[in-house]
Amino acid sequence: MVMVAGLTVLFAPPASAEVIGAATSLSGLISNLTGWLVGLLAGLATLFLTIGGVRYLAAGGDPGQVEKAKTALKSAAVGYALAALAPLLVGGF
């Protein structure tokens, strides 16, 4: 129910005809895309961090599960690093 309400708010048309935050130039478009990219990468990294933490807590000493948890945590670290470096990588081109 909450998810449906959130999606309704997310995809609702704007109240006015004016689009807020619309890019009017190429640099504005690149800036907007960079913001979306950073948000997406940070969100995915947070997901992997959560999965890794839950797997680590639920491993119960099983070496295979602990390794899977460590892999997820390493993926989260890489995701956060990419999110931090995305503005530099996109701005360099």
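The values are calculated or read from the model by the stated rules, or taken from the named source; none is laboratory data. Keep in mind the model is a prediction, meaning the values are calculated, not measured. Positions of Cβ are generated from backbone atoms using ideal geometry, with glycine treated the same way; all protein chains shown enter the neighbour counts. Remember, those area values only see protein heavy atoms, side chains included, never the ligands or the DNA or RNA. Shrake-Rupley method; radii C 1.70, N 1.55, O 1.52, S 1.80 Å.
Pop out the carbon and sulfur fraction of the accessible area of segment 19-93 as a percent, whole number, probe 1.4 Å.
74 percent
Computed with a 1.4 Å probe over protein heavy atoms only, the accessible surface of segment 27-93 comes to 68 Å² per residue. Sorting Ser31, Ser75 on solvent-accessible area from highest to lowest, probe radius 1.4 Å, gives Ser31, Ser75. Taking one quarter of the surface of the convex hull spanned by the alpha-carbon atoms of segment 29-70 gives a direction-averaged projected area of 2.8 nm².
For Asp62 and Leu37, FRET efficiency with R0 = 30 Å and r from the beta-carbon atoms, rounded to 0.05?
That pair, Leu37 with Asp62, gives E of 0.25.
Annotation for Ile30 and Thr71: the two label points, set 7 Å from Cα along the Cα-Cβ direction, are 3.7 nm apart.
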